[in-house]
Amino acid sequence: MVRVPSSVVAATGLVGGYAVARWTKKRPLGGVVLGAAGVVAGLEWHKRGGAPAAAGLGALYLAGFAGAHPLAKKVGAWPAVLGAAGIVAAASWAVADRG
């Protein structure tokens, strides 16, 4: 079985959640994508780094989601989402995937 890095799962959750919400015009459906990816990434974070890593990266994942909203008013929606996804992916790689 191929292991998908948690950094890829987390970034895909943020970008995919936004894309699904935007293109279907159903925000709850985007939330399902965001949440499902967050759970999968969180399980991997916990497995690789323990509870502290999972808690910290989970908080960053939620902050990326929440922070993209006000940032989108300044730089646009896609740049904000991609920036948040990049930050979360980089942190996830550094904490959980690099080893």
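The values are calculated or read from the model by the stated rules, or taken from the named source; none is laboratory data. The shown structure was predicted, so the numbers you read here are calculated from the model rather than taken from an experiment. So basically every Cβ, Gly included, is an ideal-geometry build from the backbone, and we count neighbours across all protein chains shown. Remember, those area values only see protein heavy atoms, side chains included, never the ligands or the DNA or RNA. Shrake-Rupley method; radii C 1.70, N 1.55, O 1.52, S 1.80 Å.
What's the ranking of 23-30, 78-85 by average number of surrounding C-beta atoms within 10 Å, highest first? Walk me through the numbers before you get to the answer.
On the way: 23-30: 12.0, 78-85: 19.2.
Put in order of decreasing packing, that is 78-85, 23-30.
Among all lysine pairs in the chain that are eight or more places apart or on different chains, how many have alpha carbons less than 25 angstrom apart? All intermediate terms of the calculation are to be shown ahead of the outcome.
Values: K25/K73; K25/K74; K26/K73; K26/K74.
Counting lysine pairs in the chain gives 4.
For the chain, which whole-number percentage of the solvent-accessible area (1.4 Å probe, protein heavy atoms only) is attributable to carbon and sulfur atoms?
Numbers: 4230 of 5810 Å².
Of all accessible area on the chain, carbon and sulfur atoms account for 73 percent.
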For K47 paired with A94, estimate the spin-label separation in nm (one decimal), with each label point 7 Å from Cα along the Cα-to-Cβ line.
2.4 nm
Taking only complete DSSP H runs, can you tell me which helices of the chain stretch 24 Å or more along their own long axis by Cα positions and average at least -0.5 on the Kyte-Doolittle scale?
6-24, 27-75
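Report the gain in length on full extension from I87 to K25: 0.36 nm times residue separation, minus Cα-Cα distance, nm rounded to one decimal.
Values: separation 62, 0.36 × 62 = 22.32 nm, distance 2.59 nm.
Extra length available between I87 and K25 comes to 19.7 nm.
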Normalized C-alpha radius of gyration of the range 60-99, against 2.2 N^0.38 Å?
1.23
Across bins of 10 angstrom width beginning at 0, how are the C-alpha pair distances of the chain distributed, in whole percent?
18, 50, 26, 5, 0
Taking the Cα centre of the chain as the origin and placing charges on Cβ (Lys, Arg +1; Asp, Glu -1), which of G49, W23, T12 is farthest toward the positive end of the dipole?
W23
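Enter the accessible area per residue of the chain (Å², integer; probe 1.4 Å; all protein chains in place).
Details: 5810 Å² over 99 residues.
Using a 1.4 Å probe on heavy atoms only, each residue of the chain averages 59 Å².
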Normalising by the residue count of the chain, find the relative contact order in percent from Cα pairs under 8 Å and 6+ residues apart.
36 percent
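Place a +1 charge on the Cβ of each Lys and Arg in the range 1-79 and a -1 charge on the Cβ of each Asp and Glu, then give the dipole magnitude about the Cα centre in debye, rounded to the nearest 20. Don't skip to the answer; put the middle values down first.
Details: 9 positive and 1 negative charges, 53 e Å.
The dipole of the range 1-79 has a size of about 260 debye.
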